[in-house]
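Accompanying notes for the structure given below.
The values are calculated or read from the model by the stated rules, or taken from the named source; none is laboratory data. What you see is a predicted model, and the numbers here were worked out from it, not measured in a lab. Here the Cβ positions follow ideal geometry from the backbone for every residue, glycine too, while neighbour counts run over all protein chains shown. Surface areas here come from the heavy atoms of the whole protein model, side chains and all, with no ligands, DNA or RNA. Shrake-Rupley method; radii C 1.70, N 1.55, O 1.52, S 1.80 Å.
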Amino acid sequence: MKVANFTCRSCGSVDIHSILDLGTTPLANALLKTPTPDDEARYPLHLVFCANCMLVQITETVPPEELFSHYLYFSSFSDTMLAHAKTLVHRLVDERQLDSDSLTVEVASNDGYLLQYYKEQGVPVLGVDPAANIAEVAEQKGIPTVVDFFGTQVAEKLVSEGKRASVIHAHNVLAHVANLNDVVAGMATLLADDGVVVVEAPYVKDLIDHLEFDTIYHEHLCYFSLTALDKLFARHALTITHVERVAIHGGSLRIFAEHTDSAKRQASVTALLAEEAGWGVHTLKFYSDFQERVEGLKADLVAHLQSLKAEGHSIVAYGASAKGSTLLNYFGISAETLDFVADRSTAKQGYYTPGTHLEIVPPEALVEKQPDYTLLLVWNFAEEVLAQQQVYRDAGGKFIIPLPKVTIV
């Protein structure tokens, strides 16, 4: 079905088609201070496809100040994220021969989870993040941070101060950006002549193949293929020279881009572009049965949970995550089924989940309360969480992994 009155965020086309309509949902990270809010804003959550540049995106743009100025997601609470960042930093310091004369900038640098490893290696760093509360934590780690939304204006100011970046990181942020062209243009402005941009973003093919519909929420405006990214970066004289598929966040692309006038494209890029053409990145057909598959998963998971409750079992959830909010709200799973949500982040504990109004408690509650089953909402960190909760599991507790199909471990 063609969608009216929407313009592609990347190329400006109006040739837009529907993939998945999740109705209206609350903001996934708008945690509540009370279980009975007077008013809770809800917004349309509609996934669409641009037939011109192949970008998959949602139609609603919530003002970024409302989403990110005070943020409760701290990357450093995930051991997986820290290990992932450290490995990449050590690799780049070696490959790019970075030293005290280099500069690494991260767009949406969060609490310094990545830049801290450059600092340890003696490489100067600078973070840019709009959330003042998170930037304060980064500053305490010795990571200088500009509190702002990155774009051409910030980039031009930094260049006027004599700064040019040897490496620009943008991990799990490009999907959050409404003005894609301004951010990528800013990268091109700030990047040194021999510098490299490193971007990680969840891969749209993994989203479709593995039914990762819960990664769709209002902060995630875009869902990228390499084809869509290639068109976007080329528009700003940046060439994607290398691409890797990495397992983080259920399957992501890691791209490396350089100034076009000095870039040499590697075989990895041409190979993946050809592979995407093969599975139909240019066509709506690849996405045509996604809504039906999501509805099938909904019926299956709800039936499993209802059956367990009817048998008298206690059920909770683990992970007060954005993806968990999408799943719980669209599937209609709330306090009638779940007793609470456990989460490792102390910044979230004591709050309540948006829409479903479940109390967020420390993970120790799993051992203290010993519920029979725990719905794992952060399935992308399953290995980490299962290892951390071995005591709970040894005592008989079981985890329900909701997708791509319902599995109990």
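The figures follow:
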{"item": "Computed lengthening from Lys285 to Arg393, 0.36 nm per intervening residue step minus Cα-Cα distance", "result": "34.7 nm"}
{"item": "Accessible area expressed per residue, region 218-335, with surrounding protein chains retained (probe 1.4 Å, Å²)", "result": "38"}
{"item": "Separation of alpha-carbon centers, region 1-50 and region 124-151, rounded to whole Å", "result": "28"}
{"item": "Carbon + sulfur, % of accessible area of region 259-409 - ligands and nucleic acids excluded, 1.4 Å", "result": "52"}
{"item": "Mean accessible surface per residue for region 58-189, computed with a 1.4 Å probe while every protein chain stays in place, in Å²", "result": "41"}
{"item": "For region 186-218 and region 305-329, distance of Cα centres in Å", "result": "29"}
{"item": "Cross-link partners of Lys369 among lysines (Cα-Cα below 25 Å; sequence separation of 8 or more within a chain)", "result": "Lys33, Lys309, Lys323, Lys348, Lys398"}
{"item": "Selected from Tyr287, His84, Leu126, residue furthest toward positive end of dipole (the chain; charges at beta carbon)", "result": "Tyr287"}
{"item": "Straight-distance crosslink candidates among aspartates and glutamates, where the alpha carbon sits under 13 Å from Lys298 and sequence neighbours closer than 8 are dropped", "result": "Glu212, Asp214"}
{"item": "Backbone N within region 224-257 under 19 Å of label point (7 Å from Ala267 Cα along the Cβ vector)", "result": "240-245, 256"}
{"item": "Helix-only [θ]222 nm of the chain, DSSP H runs n ≥ 4, -39500 (n - 2.57) each, per residue, nearest 500", "result": "-9500 deg cm²/dmol"}
{"item": "Alpha-carbon Rg/Rh ratio, for the chain, with Rh computed the Kirkwood way", "result": "0.96"}
{"item": "Surface share of carbon and sulfur [accessible, 1.4 angstrom probe, percent] for region 123-202", "result": "50"}
{"item": "Among Ala178, Ala201, Tyr217 the positive-end extreme of the charge dipole of region 160-245 (Cβ point charges)", "result": "Ala178"}
{"item": "Cα pair distances in region 100-162, grouped into 5 Å bins until the bin that holds the longest one, percent each", "result": "4, 21, 30, 23, 18, 5"}
{"item": "Burial ranking of peptide ranges 15-26, 231-242 (average Cβ count within 10 Å, highest at the top)", "result": "231-242, 15-26"}
{"item": "Dipole magnitude (debye, nearest 20) for the chain, charges at Cβ of Lys, Arg, Asp, Glu", "result": "580"}
{"item": "Surface share of carbon and sulfur [accessible, 1.4 angstrom probe, percent] for region 1-111", "result": "49"}
{"item": "Estimated FRET transfer efficiency (Thr61, Ile408; beta-carbon r; R0 45 Å; 0.05)", "result": "0.70"}
{"item": "Positive dipole terminus of region 1-110, leading residue within Thr34, Val93, Cys8 (C-beta point charges)", "result": "Cys8"}
